[in-house]
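Input: a single structure, listed below in structure tokens.
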């Protein structure tokens, strides 16, 4: 693993591309710290994906199949015929440059090929050569070039430096979406076995065990039961998690990251506490060990693999006879649920239109997918005064909110989380307008790039987000970054430690659970993390 | 290829485009070729090319509904939604598209990165930058107005909207420029704006480092071509006057399919016409197709209604999944041991 440069070293970024060298004349230079490890053969084999073998992107020989160019050729043709987005986005870019300085990877790296327009041109240039008359005839003059092995490597290097955050597509006058081009490009690389380990392994895990982390059913149960002990220590209340129960009205699915690592675990405890709180009010909910993953790393592989993994959600709700599905806090999970799931694996006719059993509110905007976001579920509870909340328990926190890319630009989920946070926290501060809501900056580690070996890339890509956090930290004393995404919760602690060490990371339902006042609970002296609540500092050792 | 080469190649191409009719008509008097054959050919390529291209795009389906949501989605009645930037239905999409096509809504969001490194720390700012938006808007609208003004030549009876446009376009200029009153007709605002906007769009490609890096000959060439189209038009209107009645006779005949190559008219007219022919013949094969493509863009022209209206993928196919049965078969013993419910009990033999 490469050493990550120090922040002051890494911040010296020159955004000026070379003056006299055209981009086609600059060969790709694959750097450790920026690229991820190659996919392992066992993971590809488990998914019956092509060309399983050990390979290392830092070595010259990528062990490509003999006919790799043919495969890419056919793959491109096939996708141009299947996706209007792909064909259109290959044809209509005018290179106005509006997207260029909107990409967090360009801002944080200065690598000109990380400008979305440039990243797309890497593929477009080959498209022109293979599929347009001008490109065939005029070659370089028309911005066309052959697909050589070096070009392929360049594709791979930059396709796996895009987090599919769609910020560029917001600014594009034609709505050209680099995420869509990256998705196509990654489908192509997967046809010849060029995935990264951190995507291929979670995919295989998820396929087999139901979740990315490969947690087997008994271990999954153990982990949640461990949380109940923690919760009992803090609240004095013992809760019973509920698994794979047939006939439960609601099936709950959340990213497995929440079960596995801090601070996601506190968010997971938050869900459990909320469900327990609502039990006596009529909530009938179960967790599945089979569909124990909300996220979908298949989405970072290909549409087909995304569909194969996503199928579990509806299948499990059908097997259990649930009426509808409640989904946890996650980013790309919600883009898949919002924009793909129903098309992939619907119609979900075995389910009913979701209605909150507590408030009677009909979630009309989920009448087809039958899946409700837990933050909107909770927002509705709060709006209807169903939760007794003591926001002062979060008074030690000055909170800002990071809009995760996918719920932001793939759904439009802005007000619900803000409403909940403001009801459970007294100190809330927004980051600058150019860095939130639809203009939000990526964590820099999405779309499967949250590995360890590409830490430099992640610190670079997360820099614009961290810079905005730093701004509110310095201006308002913000010390907590809230988010509704499991990848965020997994990667922001590293990012904050690197750029703004004074700021910690939380999910929204951790904040909710801290503020939630249970009947018959013992006097709470600490929050879910075991840190003293405001005013309780002296009682900590009791 | 670097930017110098790209610009030189584009310049040469445009000079050649200008020289061809100059020599062809000026020296060889090929009026039929340049006045009739090439214009008909060009307009045919233009129309057929666009139709073929759009049909080709249309042939590829939209398997997933993937709008880029730029505002609050439709939610509870007590949450204010943004029906334009995040439309839930057709009405919202139409308004969103109108904003996009007529006002360049997305480009209006543009900002400029201001990156400073001081005292060991980086500061990232996103500064006001509406110049690109403004220049693009002025360029496109001016081009449209100029095109519409040309209808005074295309049809016998000058349509009312042309008079209106001309008076608006010219009225604003009355007495503003020193050139008026020197035997030069009133200057049209759009003539000036078009050239200024084009010049800006060209210069920014050379001046802004990352623009220099991403620009191709295919970016410089159309700008230069349209610029020379504008210049030749301006020359004809203000300086090297040509006989308008001849031009009109030609244009009206041309569109009635009884063309007569204009006679006794300056070669500048043929240059103007030829540049236009090259532009429209080049059009369907170039990035200029963005004018049609924007209407088909799936991130803009679809409603964000997936959660309540199912979208069907026409080429959907069944995929291999890992079923619950397979899962339980693998983990049954562990599940039973952990007290998890199972569908099939362990067989005790």
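Every number in this text was worked out from the coordinates using simple rules, so none of it is lab data. As the structure is a computational prediction, the values presented were derived from the model and not from experiment. Counting neighbours? That spans all protein chains shown, and the Cβs are built from the backbone with ideal geometry, glycine included.
Cα extents of the protein assembly as shown along the three principal axes, largest first, in whole Å?
103, 62, 56
Please report, in whole Å, how far the alpha carbons of region B:3-317 spread along each principal axis, starting with the longest.
Extents along the principal axes, in whole Å: 71, 57, 41.
Hey, how many Å between the Cα centroid of region A:302-339 and the Cα centroid of region B:112-166?
A separation of 44 Å, based on Cα centres.
Can you give me the C-alpha center-to-center distance between region A:28-73 and region A:480-524, rounded to a whole angstrom?
First find each Cα centre; the distance between them is then 37 Å.
Could you work out the per residue convex hull volume over the alpha carbons of region B:1-91, in cubic angstrom?
Working: hull volume 19.8 nm³, N = 91.
Looking at region B:1-91, the number lands at 218 Å³ per residue.
Using only the Cα atoms, what convex hull volume per residue in Å³ does region A:204-515 have?
119 Å³
Between residue B:52 and residue B:123, what length in nm is gained on full extension when 0.36 nm per residue of separation is reduced by their alpha carbon distance? Can you show the working numbers first?
Numbers: separation 71, 0.36 × 71 = 25.56 nm, distance 4.88 nm.
Difference between extended and current length: 20.7 nm.
Given a Förster distance of 60 angstrom, what is the FRET efficiency for residue B:150 paired with residue A:14, based on the Cβ-Cβ distance and rounded to 0.05? It would help to have the intermediate numbers written out before the result.
On the way: r = 48 Å, r/R0 = 0.79.
Approximately 0.80, to the nearest 0.05.
Sequence gap at least 6, Cα distance under 8 Å: using those rules, report the relative contact order of region A:204-515 to the nearest whole percent. Write out the running numbers ahead of the final one.
On the way: 605 pairs, mean separation 58.1, N = 312.
Computed over region A:204-515, the figure is 19 percent.
For residue B:11 and residue A:475, what does the FRET efficiency come to when R0 = 60 Å and r is the distance between their Cβ atoms, rounded to the nearest 0.05?
Values: r = 50 Å, r/R0 = 0.84.
My answer for the efficiency is 0.75.
Tilt of helix B:217-234 relative to the longest C-alpha principal axis of chain B, in degrees (0 to 90, nearest 10)?
Here the helix axis deviates by roughly 30 degrees.
Helix B:90-103 versus the longest principal axis of chain B: what is the Cα-based angle in degrees, 0 to 90, to the nearest 10?
In chain B, helix B:90-103 runs at an angle near 40 degrees to the longest axis.
How would you rank A:328-336, B:161-169, B:3-11, highest first, on the average number of other Cβ atoms within 10 Å across their residues?
Values: A:328-336: 29.0, B:161-169: 14.8, B:3-11: 17.6.
The most tightly packed comes first, giving A:328-336, B:3-11, B:161-169.
So what's the angle, to the nearest 10 degrees on a 0 to 90 scale, between helix B:267-282 and the longest Cα principal axis of chain B?
10 degrees
Put one equal scatterer on each alpha carbon of region B:207-344, apply the Debye formula with no solvent term, and list log10 I(q)/I(0) at q = 0.18, 0.22 1/Å to two decimals.
-1.12, -1.28
Given only helices, namely DSSP H runs of n ≥ 4 each adding -39500 (n - 2.57), what is the per-residue ellipticity at 222 nm of chain B, to the nearest 500 deg cm²/dmol? Intermediate values should be presented prior to the final figure.
Numbers: 14 runs with 191 residues, N = 349.
Value at 222 nm, helices only: -17500 deg cm²/dmol.
Give me the number: length gained by fully extending residue B:326 to residue B:164, i.e. 0.36 nm times residue separation minus the C-alpha to C-alpha distance, one decimal in nm.
On the way: separation 162, 0.36 × 162 = 58.32 nm, distance 7.43 nm.
Once the chain is fully extended between residue B:326 and residue B:164, it gains 50.9 nm.
For chain B, what relative contact order do you get, as a whole percent, if you take Cα pairs closer than 8 Å and at least 6 residues apart? Before the final figure, lay out the partial values.
Numbers: 364 pairs, mean separation 105.4, N = 349.
Once divided by the residue count of chain B, the mean separation gives 30 percent.
Could you rank the peptides B:17-23, B:276-282, B:210-216 by their average count of other C-beta atoms within 10 Å per residue, with the highest value first?
Working: B:17-23: 17.7, B:276-282: 20.4, B:210-216: 23.4.
Averaged packing, sorted descending, gives the order B:210-216, B:276-282, B:17-23.
Could you work out, residue by residue across B:294-305, how many beta carbons of other chains sit within 10 Å of that residue's beta carbon, and then give the average as an integer? Please report the intermediate quantities before stating the final value.
On the way: counts 7, 1, 7, 12, 9, 15, 7, 1, 2, 0, 6, 3.
Across B:294-305, the average partner-chain Cβ count within 10 Å equals 6.
Springs between alpha-carbon pairs under 10 angstrom, Gaussian network model over chain B: which of B:314, B:77, B:222 fluctuates most?
B:77
Residue by residue through B:101-113, how many Cβ atoms from other chains fall within 10 Å of the Cβ on average? Write down the numbers at each step before the final one.
Details: counts 1, 0, 0, 2, 1, 9, 6, 2, 9, 8, 6, 2, 8.
Averaged over the peptide's residues, the number is 4.
What ratio of Cα Rg to 2.2 N^0.38 Å holds for region A:6-130?
Working: Rg = 17.5 Å, N = 125, 2.2 N^0.38 = 13.8 Å.
Normalised Rg, Cα atoms only: 1.27.
Among the DSSP beta bridges whose two residues both lie in chain A, what percent are antiparallel, rounded to the nearest 5?
Details: 4 of 25 bridges.
Taking every DSSP beta bridge with both residues in chain A, the antiparallel ones total about 15 percent.
Which of these, B:127, B:100, B:263, has the largest mean-square fluctuation under a Gaussian network model of chain B (Cα springs below 10 Å)?
In this elastic network of chain B, the residue with the biggest mean-square fluctuation among B:127, B:100, B:263 is B:127.
Exposure proxy check: A:165, A:36 ranked by fewest other beta carbons within 10 Å? Don't jump to the answer; show the numbers that get you there.
Details: A:165 31, A:36 21.
Ordered from fewest to most neighbouring Cβ atoms within 10 Å, A:165, A:36 come out as A:36, A:165.
Rounded to the nearest 0.05, what FRET efficiency do residue B:32 and residue B:244 give with R0 = 22 Å and r taken as the Cβ-Cβ distance? Could you check?
Values: r = 21 Å, r/R0 = 0.97.
Efficiency, rounded to the nearest 0.05: 0.55.
Tell me, what is the percent relative contact order of region A:154-201, built from C-alpha pairs under 8 Å that lie six or more residues apart? Write down the numbers at each step before the final one.
On the way: 28 pairs, mean separation 16.6, N = 48.
Dividing the mean separation by the residue count of region A:154-201 yields 35 percent.
Over 18 Å apart: what share of the alpha carbon pairs of region A:181-330 falls there, rounded to a whole percent? All intermediate terms of the calculation are to be shown ahead of the outcome.
Details: 6548 of 11175 pairs.
More than 18 Å apart: 59 percent of the Cα pairs in region A:181-330.
Give the distance, in whole Å, between the Cα centre of region B:299-324 and the Cα centre of region A:195-210.
22 Å
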